[in-house]
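The values are calculated or read from the model by the stated rules, or taken from the named source; none is laboratory data. Here the structure is a predicted model, which means the values were calculated and not measured. We place every Cβ from the backbone using ideal geometry, glycine too, and count neighbours over all the protein chains shown. Just so you know, the surface numbers come from the protein's heavy atoms only, side chains and all, with ligands and any DNA or RNA stripped out. Shrake-Rupley method; radii C 1.70, N 1.55, O 1.52, S 1.80 Å.
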Amino acid sequence: MSFLFLVQMIINIKIILKTEKSYGNINDIENYIQNQSSHYRKKELIMLNTLLSATATVLFVLLCVIYPLGILRFSEKSKEKQRKSVDCFLRKIHKKMGVWIIVVSLLHGIVEIKAGNLDGMFSGKICFLLLILLWLSYGLKRVLKEKWMIVHRILAVLTVIAVIVHVGGM
């Protein structure tokens with residue numbers, strides 16, 4: 001009895017126990033293993049994509065909440081102090097979150113392509129382009145001078161609309 005035959009028998013027994021089907025030769029077993037690994041790969045891509053899209057969503061909400069948080073005022077001192085603390089923290093990490101959302105969104109798009117899911121690809125590209133423009137508007141702060149914040153806010157509103165359309169599935 002050769003070693004290959006023994007391995008084939010052991011794998012075949014495992015397959016029979018798992019699927020209640022018998023596979024006769026090594027090619028059938030290799031095909032089964034490839035199908036199983038592609039199934040697990042698809043599951044892994046779905047899990048990774050869920051993590052990436054959830055991360056992008058959290059980052060996006062934190063980036064967007066800064067403006068309303070800056071306008072909002074509380075009459076109660078403890079709530080106002082807490083609001084200021086959160087506002088100050090979010091403003092400190094705003095630039096870093098902006099870079100991270102670009103990175104996470106790019107990875108999200110790549111994983112979607114690898115998984116073969118092309119739904120929402122057009123709206124996703126629009127969202128990504130708007131994120132890049134938001135980043136560039138900050139980079140052009142010295143060139144745009146006082147107008148950069150207006151440009152940045154207009155782009156932010158457009159990005160919010162685009163993300164709503166993207167998440168809505170159009």
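Any idea what the dipole of the range 105-170 comes to, in debye rounded to 20, about its Cα centre with Lys/Arg Cβ at +1 and Asp/Glu Cβ at -1? Numbers along the way, then the final one.
Numbers: 7 positive and 3 negative charges, 80 e Å.
Magnitude of the dipole: close to 380 debye.
Quick one: of Lys43/Lys92; Lys95/Lys147; Lys43/Lys125, which pairs are farther than 30 Å apart, Cα to Cα? Mind showing how you got there, number by number?
Working: Lys43/Lys92 37 Å; Lys95/Lys147 18 Å; Lys43/Lys125 24 Å.
From the list (Lys43/Lys92; Lys95/Lys147; Lys43/Lys125), the Cα-Cα distance tops 30 Å for Lys43/Lys92.
Quick one: 3J(HN,Hα) in Hz for the range 87-103, Karplus 6.51/-1.76/1.60 with θ = phi - 60°, rounded, Gly and Pro as x.
Karplus-based 3J(HN,Hα) across the range 87-103 equals 4, 4, 4, 5, 5, 5, 9, 4, 5, 5, 5, x, 5, 5, 5, 5, 5 Hz.
Among Asn49, Gly109, Leu72, whose Cα lies farthest out toward the positive end of the dipole of the range 31-151, if unit charges sit on the beta carbon of Lys, Arg (+1) and Asp, Glu (-1)?
Leu72
Based on Cβ point charges of +1 for Lys and Arg and -1 for Asp and Glu, what charge dipole magnitude is obtained for the range 61-135 about its Cα centre, in debye rounded to the nearest 20?
500 debye
Let me check something: with ligands and nucleic acids excluded, how do Met149, Met97, Met47, Met121 order by accessible area (1.4 Å probe), largest to smallest?
Details: Met149 70, Met97 15, Met47 130, Met121 40 Å².
The ranking, largest first, comes out as Met47, Met149, Met121, Met97.
How large is the accessible surface of Val103 in square angstrom, using a 1.4 angstrom probe and rounding to the nearest 10?
Roll a 1.4 Å probe over it and Val103 shows about 60 Å².
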